[in-house]
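The values are calculated or read from the model by the stated rules, or taken from the named source; none is laboratory data. Fair warning: this is a prediction, and the values are worked out from it, not measured in the lab. All Cβ positions, even for glycine, are placed from backbone atoms using ideal geometry, and neighbour counts span all protein chains on display.
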Amino acid sequence: MMNAKVHELLNQQINKEFYSAYLYLQFSNYFDDAGLDGFANWYLIQAQEERDHAMLFFKYLQNENQKITLEAIDKPEADITCHMDVLKAGLKHEEYVTSLINDIYAAAYEVKDFRTMQFLDWFVKEQGEEETNANDLITKMELFGSDPKSLYMLNQELATRIYNAPSLVI
Ligand code: MG
């Protein structure tokens with residue numbers, strides 16, 4: 001039997017990951033409106049990845065024969081007045097998601113739920129990459145964002161990002 005707290009946190013994470021997808025769709029749409037299709041592409045792929053994450057938690061609970069309760073997804077909230085606000089909100093959000101993953105891990109560790117810990121290992125690594133990506137984007141924007149030509153080139157670079165399904169198979 002899965003521990004009740006671990007179960008609850010894993011179930012909540014399905015919702016949190018779908019919320020992440022929603023938030024990144026909003027970011028993608030912000031950049032689409034601004035005419036920066038590369039940035040819009042980057043966040044659209046980010047949204048696809050978050051949906052994948054949600055499905056991994058969903059499948060894990062199904063595989064473990066645990067009850068799944070789907071809750072309403074909150075309206076995405078981010079205070080955006082400029083391009084940089086989006087990038088910073090992205091980093092802040094990833095740091096928050098890292099804390100959520102860590103909380104589930106801590107709960108699993110406490111009750112010696114090694115299977116859940118092993119499942120979460122992939123997400124621990126993934127969150128490190130997410131934070132690095134979000135930080136790199138802020139650095140590039142700080143360096144190149146104020147010059148239209150450089151911003152155009154950065155936009156072209158982000159347009160090349162392609163969607164890859166997650167490497168975790170459960
Ligand atoms: Mg995620």
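Identify all residues within the stretch 123-158 that are more than 21 Å from LEU91 (Cβ to Cβ) and either touching a Ser or Thr at 6+ places or on another chain (Cβ under 9 Å) or outside any loop (DSSP other than H, G, I, E, B) (or both); write none if there are none. Across the stretch 123-158, the qualifying residues are PRO148, LYS149, TYR152, MET153, GLN156.
Name the residue that is nearest to MET55 (Cα to Cα), counting only residues in the stretch 1-23 that are more than 17 Å from the chain's Cα centre (by Cα) and buried (at least 19 other Cβ atoms within 10 Å of the Cβ). Before the answer, list the steps.
Initial filter on the stretch 1-23 (more than 17 Å from the chain's Cα centre (by Cα)): 1-8.
With the extra rule that they be buried (at least 19 other Cβ atoms within 10 Å of the Cβ), the set shrinks to 6-7.
Numbers: VAL6: 17, HIS7: 15 Å.
Among those that are more than 17 Å from the chain's Cα centre (by Cα) and buried (at least 19 other Cβ atoms within 10 Å of the Cβ), it is HIS7.
Taking first residues from the stretch 110-125 that are of a type outside the set (Phe, Trp, Tyr) and partners that are assigned to a loop (DSSP other than H, G, I, E, B) and surrounded by 13 or more Cβ atoms within 10 Å (Cβ to Cβ), the Cβ contacts under 8 Å between residues at least 6 apart in sequence or on separate chains come to VAL111/ASN3; ASP113/MET2; ASP113/ASN3; ARG115/GLU64; THR116/MET2. Can you find a residue that is free of Cβ contacts under 8 Å to residues at least 40 places away in the same chain and either within 16 Å of the ligand (Cβ to nearest atom) or under 18 Å from LEU25 (Cα atoms) (or both) anywhere in the stretch 134-156? Scanning the stretch 134-156 turns up no residue that is free of Cβ contacts under 8 Å to residues at least 40 places away in the same chain and either within 16 Å of the ligand (Cβ to nearest atom) or under 18 Å from LEU25 (Cα atoms) (or both).
Reported count of residues in the stretch 24-35, each being outside any helix (DSSP H, G or I) and either buried (at least 21 other Cβ atoms within 10 Å of the Cβ) or within 16 Å of the ligand (Cβ to nearest atom) (or both), is 0.
Just the residues that are hydroxyl-bearing (Ser, Thr, Tyr) and modelled with pLDDT of 95 or more, please, taken from the stretch 56-98. Working first, answer last.
Initial filter on the stretch 56-98 (hydroxyl-bearing (Ser, Thr, Tyr)): 60, 69, 81, 96, 98.
Of everything in the stretch 56-98, those that are hydroxyl-bearing (Ser, Thr, Tyr) and modelled with pLDDT of 95 or more turn out to be TYR60, THR69, TYR96, THR98.
Pairs are defined by a Cβ separation below 7 Å, a sequence spacing of at least 6 or placement on different chains, a first member in the stretch 38-56 that is outside any helix (DSSP H, G or I), and a second member that is aliphatic (A, V, I, L, M); no pair meets this definition. Each residue in the stretch 58-88 was checked for being more than 15 Å from the ligand (Cβ to nearest atom) and in a helix (DSSP H, G or I), and 9 of them qualify.
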